[in-house]
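Q: Take this structure first; my questions come after.
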Amino acid sequence: MNVMGIVLAAGMGKRMKSKLYKVLHPVCGKPMVRHVVDTLNAAGVGRKVIVVGHGAEAVQAALGNGAEYAMQEQQLGTGHAVRMAESLLSGEEGITVVVYGDTPLITPETLTNMIELHRTSGAAATLLVARFDDPTGLGRIIGAEDGTVECIVEEKDCSAEQRSIKDINAGTYCFDNKKLFAALAQVTNNNAQNEYYLTDVISIMRSAGEKVQGYRTKDNSEALGVNDRVALSEAEQLMRLRINRSHMTNGVTIIDPAATYIEAGVAIGADTVIYPGTVLRGATSIGSDCVIGPNSEIADSSIANGASVKQSVLNCAVVGPRASVGPFAHLRPGARLGEDVKVGDFVEIKNAVIDNGSKVPHLAYVGDAKVGKNVNLGCGTITVNYDGFDKHETVIEDEAFVGSNSNLIAPVRIGKGAYVVAGSTITKDVPADDLAIARERQSNKPGYARMLKERLKKAKESARSDNAKRSESTDA
Ligand code: UD1
Ligand code: CA
């Protein structure tokens, strides 16, 4: 059967107190409404209409072409919002799933089960029901004698008795498409908020003799609607644990899931171990048998099998198989490490390729560079890439050796197998197999250290005795 979807995303979300439209607030790095649309796709929903209003352009930009859009100029309520999809969908036969854009935790499994129950039961509506100890602010489910649903009453319209009901409307529904739009035409705004409530279609369908049933969630967190920042943090935490659990199920060791932050789009291979304080963001992919963390932030980067990243920050970087990064390294955009590369502590790499087997073990800056295979860059090596106006390239060929505390003033090339002596400031290319030395020649002055120390000692003593004399004369 034809399954369509409507996502309500037109509200501003006043309670968020934000410049960003509510449904665009990210949960684990992904806008809430994107979670909802991805879930609809995973549950096999075909045509999707997103109802947009506040921030319509931003919402469309976030969701792209995978859906159709209906404009709700004025936010007159959830029932009014669904009617905005009428001109697009009213001609269709089938099931229409309606989901609010602020409920990011609904799962594909629940939606699939709901659709299946709806399909086989002949109900006009099937809605997601949860039982909350604290149902404050939510629509209450008024049950019928036979265990089906009689109606939904919004909290502001509840009697004292209704308010004590703990069964709530989670805001996810399956409708018979034709019956949905027929019922919506009868919804009025005769209520405490003067809004056209979608929830009113339930009692309208009941009055028409239709069946309306609830589907209970096994997991209450699915029913979480994000109206403010407190709920946003709850959603973030629940989603984070869910993401972490799925990685663990796939064979990833996460030492402390409560202290590990993995965004929704990240891929991780089996037998990788993630230590606490690790943040994996964006389009990051991590291979198998890696060791990541503790305390590392990796965004939009790709880490190959067997690599390790400890106490480091990576952004748009590529790390090759078995490479080791950190502790305290910073890989910036365009850093590309080959196989078995070692990048150690206090090393910054930007827009530079470090080829297989090369080492940058400590205290170095490598920017705008091509470093060949089996190169060793000593402690304190700096590619001097910027003259205040332009960036210039440094090329270091295979098997070169750069001694500690060397400045390589770009543009410059260190040839294959060449040797740069420690402390050099290299301004000219070094041909292959040559040795470059570019530093002041050392000279030793025999005995000078002793003489200098004696002179300084004497000067200090005579200053002390002068001071003593001065204070005696003032005492007298
Ligand atoms: C709604 C339900 C309530 C349910 C709760 C679950 C109604 C009347 N109430 O209340 O029964 O328990 O969700 O979380 O449906 N929106 C529009 N256009 C509008 C109004 C809202 O697009 O004119 C969108 C909002 O952007 C939001 C969603 O619909 O994403 C839900 O609206 P919201 O105001 O958050 O409804 P609740 O008060 O949470
Ligand atoms: Ca809400």
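Just so you know, all these numbers are worked out from the coordinates, no wet-lab data involved. The shown structure was predicted, so the numbers you read here are calculated from the model rather than taken from an experiment. FYI the Cβ positions are ideal-geometry reconstructions off the backbone, even for glycines, and counts take in every protein chain you see.
Q: Which is the longest run of the chain containing none of the trypsin sites (Lys or Arg not before Pro) found in DSSP loop states (not H, G, I, E, B) with at most 10 other C-beta atoms within 10 Å?
A: Longest run free of exposed loop sites: 219-427.
Q: What ratio of Cα Rg to 2.2 N^0.38 Å holds for the stretch 340-476? Write down the numbers at each step before the final one.
A: Details: Rg = 24.0 Å, N = 137, 2.2 N^0.38 = 14.3 Å.
In units of the 2.2 N^0.38 Å rule of thumb, it is 1.68.
Q: Compute the angle between helix 448-475 and the longest alpha-carbon principal axis of the chain, please, reported from 0 to 90 degrees and rounded to the nearest 10.
A: It is inclined by approximately 80 degrees.
Q: At a Förster radius of 22 Å, what calculated FRET efficiency corresponds to the Cβ-Cβ distance of D38 and E92, to the nearest 0.05?
A: According to the calculation, E is roughly 0.45.
Q: Can you give the FRET efficiency to the nearest 0.05 for E393 and K178, using r as the Cβ-Cβ distance and R₀ = 45 Å?
A: With a Förster radius of 45 Å, E is 0.10.
Q: Given only helices, namely DSSP H runs of n ≥ 4 each adding -39500 (n - 2.57), what is the per-residue ellipticity at 222 nm of the chain, to the nearest 500 deg cm²/dmol? Don't skip to the end; give the middle numbers.
A: On the way: 10 runs with 112 residues, N = 476.
Helix-only estimate at 222 nm: -7000 deg cm²/dmol.
Q: Given DSSP loops and a limit of at most 11 other Cβ atoms within 10 Å, what is the longest stretch of the chain that contains no such GluC sites (Glu not before Pro)?
A: Numbers: sites that count: E73, E93, E145, E440.
My reading of the result: 146-439 is the longest stretch.
Q: Another question, then. Taking the Cα centre of the stretch 3-223 as origin, work out the dipole magnitude from +1 charges on Lys and Arg Cβ and -1 charges on Asp and Glu Cβ, in debye rounded to 20.
A: Numbers: 22 positive and 26 negative charges, 106 e Å.
Magnitude of the dipole: close to 520 debye.
Q: What's the angle, to the nearest 10 degrees (0 to 90), between helix 229-249's Cα axis and the longest principal axis of the chain?
A: Its long axis makes an angle of about 80 degrees.
Q: Right, something else. Kirkwood hydrodynamic radius, the stretch 248-436, all distinct C-alpha pairs: what's the number in Å?
A: After inverting the pairwise mean of 1/r, the radius is 16.6 Å.
Q: Another question about this same structure. Take the Cα atoms of the chain, find their three principal axes, and give me the spread along each one in whole Å, biggest first.
A: Extents along the principal axes: 110, 77, 41 Å.
Q: Quick one: of K391/K428; K30/K156; K179/K211, which pairs are farther than 20 Å apart, Cα to Cα?
A: Beyond 20 Å: K30/K156.
Q: Using the Cα gyration tensor of the stretch 409-476, with a ≥ b ≥ c the square roots of its eigenvalues, what is the shape: rounded (a/c below 1.5), prolate (a/b larger than b/c) or oblate (neither)?
A: Judged from the Cα gyration tensor, the stretch 409-476 comes out prolate (a/c at least 1.5, a/b above b/c).
Q: Additional query: How are the alpha carbon pair distances in the stretch 161-250 distributed across 10 Å bins from zero to the largest one, expressed in percent?
A: Distribution as computed: 12, 32, 32, 17, 6, 0 percent.
Q: What relative contact order, as a whole-number percentage, does the stretch 97-244 give when Cα pairs under 8 Å and 6 or more residues apart are counted?
A: Working: 240 pairs, mean separation 50.2, N = 148.
Across the stretch 97-244, relative contact order equals 34 percent.
Q: For an R0 of 51 angstrom, estimate the FRET efficiency from the Cβ-Cβ distance between A283 and I437 and round to the nearest 0.05.
A: That gives a FRET efficiency of 0.65.
Q: Taking the Cα centre of the stretch 374-469 as origin, work out the dipole magnitude from +1 charges on Lys and Arg Cβ and -1 charges on Asp and Glu Cβ, in debye rounded to 20.
A: Here the stretch 374-469 has a charge dipole of around 1260 debye.
Q: Once the piece of chain linking S159 and V421 is laid out straight, how much longer is it, given 0.36 nm per residue of separation minus the C-alpha distance between them?
A: 85.8 nm
Q: Can you work out D for the stretch 3-223 in µm² s⁻¹ from Stokes-Einstein, where Rh is the Kirkwood radius over C-alpha pairs, the temperature is 37 °C and the viscosity is 0.692 mPa s?
A: On the way: Rh = 17.3 Å.
Rounded, D is 190 µm²/s.
Q: Tell me the relative contact order for the stretch 179-311 as a rounded percent, counting alpha carbon contacts under 8 Å between residues six or more apart.
A: Numbers: 220 pairs, mean separation 16.7, N = 133.
The normalised contact order for the stretch 179-311 reaches 13 percent.
Q: Also, I was wondering about something else. With unit charges on the beta carbon (Lys/Arg positive, Asp/Glu negative), name the residue among Y419, N467, Y386 whose Cα is farthest towards the positive pole of the charge dipole of the chain.
A: N467
Q: Taking 1 over the mean of 1/r across every pair of different Cα atoms in the stretch 186-341, what Kirkwood radius in Å do you get?
A: 18.3
Q: Any idea what the alpha-carbon Rg over 2.2 N^0.38 Å comes to for the stretch 119-192?
A: Compared with the compact-globule rule of thumb, the stretch 119-192 sits at 1.17.
Q: Can you give the charge dipole size of the stretch 248-436 about its Cα centre, rounded to the nearest 20 debye, using +1 on the beta carbon of Lys and Arg and -1 on the beta carbon of Asp and Glu?
A: Numbers: 14 positive and 21 negative charges, 21 e Å.
So the magnitude is around 100 debye.
Q: Let me ask another. Under 29 Å between alpha carbons, and skipping anything fewer than 8 positions from K458 in its own chain: which lysines qualify?
A: K445, K469
Q: Which angle between 0 and 90 degrees, to the nearest 10, do you get for helix 108-121 versus the longest principal axis of the chain when only C-alpha atoms count?
A: Between helix and principal axis, roughly 10 degrees.
Q: Taking N as the number of residues in the stretch 34-108, what value does Rg over Cα atoms divided by 2.2 N^0.38 Å take?
A: Dividing the Cα radius of gyration by 2.2 N^0.38 Å gives 1.06.
Q: Related question: With every atom except the alpha carbons ignored, what do you get for Rg and Dmax of the stretch 78-209, in angstroms?
A: Final numbers for Rg and Dmax: 14.3, 41 Å.
Q: Can you pull out the chymotrypsin sites (Phe, Trp or Tyr not before Pro) in the stretch 372-476 that DSSP calls coil and that have at most 14 other Cβ atoms within 10 Å?
A: Here the chymotrypsin sites (Phe, Trp or Tyr not before Pro) that fit, given the DSSP loop and packing criteria, are F389.
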